[in-house]
1. Going highest first, how would you order 152-161, 35-44, 18-27 by mean Cβ packing within 10 Å?
2. Let me check against my output: what whole-number percent is the relative contact order of the chain, with C-alpha pairs under 8 Å and at least 6 apart?
3. Between residue 81 and residue 51, what's the calculated FRET efficiency when r is the beta-carbon distance and R0 is 45 Å? Round to 0.05.
4. Would you mind pulling out the separation of the Cα centroids of region 92-124 and region 152-182, in Å?
5. Select one label from (1) 16.1, 55; (2) 20.8, 66; (3) 14.9, 48: the one whose number is Rg and Dmax of the Cα atoms in Å as derived from the coordinates shown.
6. For region 30-72, list residues with backbone N below 15 Å from a point placed 7 Å from the Cα of residue 114 toward its Cβ?
7. Using alpha carbons only, how many degrees (0 to 90, rounded to 10) separate the axis of helix 50-71 from the longest principal axis of the chain?
8. Order these peptides, 58-69, 171-182, by their mean beta-carbon neighbour count within 10 angstrom, highest first.
């Protein structure tokens, strides 16, 4: 049981770390788009990479904050019914709704992985030191690779699913024993 608790704590700490890291990614994206707007509208010199980099950064942030959000139980729920119940009843409700959560995250993980894999195996024409590197690239002049960003999608879905498993175990413990895991 102690080993399981350590694994659960490691998953939660990882999701919290990623959530805090995504604050920096968000700030970087805001700085990039601010630079792009100033260059475009003040100096009349739009950048080729600003908008695209901002979109890629927000894509990474969007998928990676899901596990952090679930750690804080900040996803949507019907609080009018849920918040008035006792802790044990809420645990039973969470266990019931976890069926839908795991169906969703399983489909999300599978879809994201196939989306990433098709991007990774695509011949995008990129070369490094004269060696052709497979992988989808942007069609702009800047041509950043898309597959590293698309890899973040299944990785973010995996962290969301792992956090869901942690909550499932915690809720199961509360439902069975009536008290929190300590």
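1. Order by mean packing, descending: 152-161, 18-27, 35-44.
2. 27
3. E(calc), rounded to 0.05, equals 0.55.
4. Centre-to-centre distance over Cα atoms comes out at 16 Å.
5. Label of the calculated value: (2).
6. Zone members listed by number: none at all.
7. It is inclined by approximately 10 degrees.
8. Going from most to least packed, we get 58-69, 171-182.
Each value in this text was obtained by applying a stated rule to the coordinates, not by laboratory testing. Just so it is clear, the structure is predicted and the values come from calculations on it, not from any experiment. FYI the Cβ positions are ideal-geometry reconstructions off the backbone, even for glycines, and counts take in every protein chain you see.
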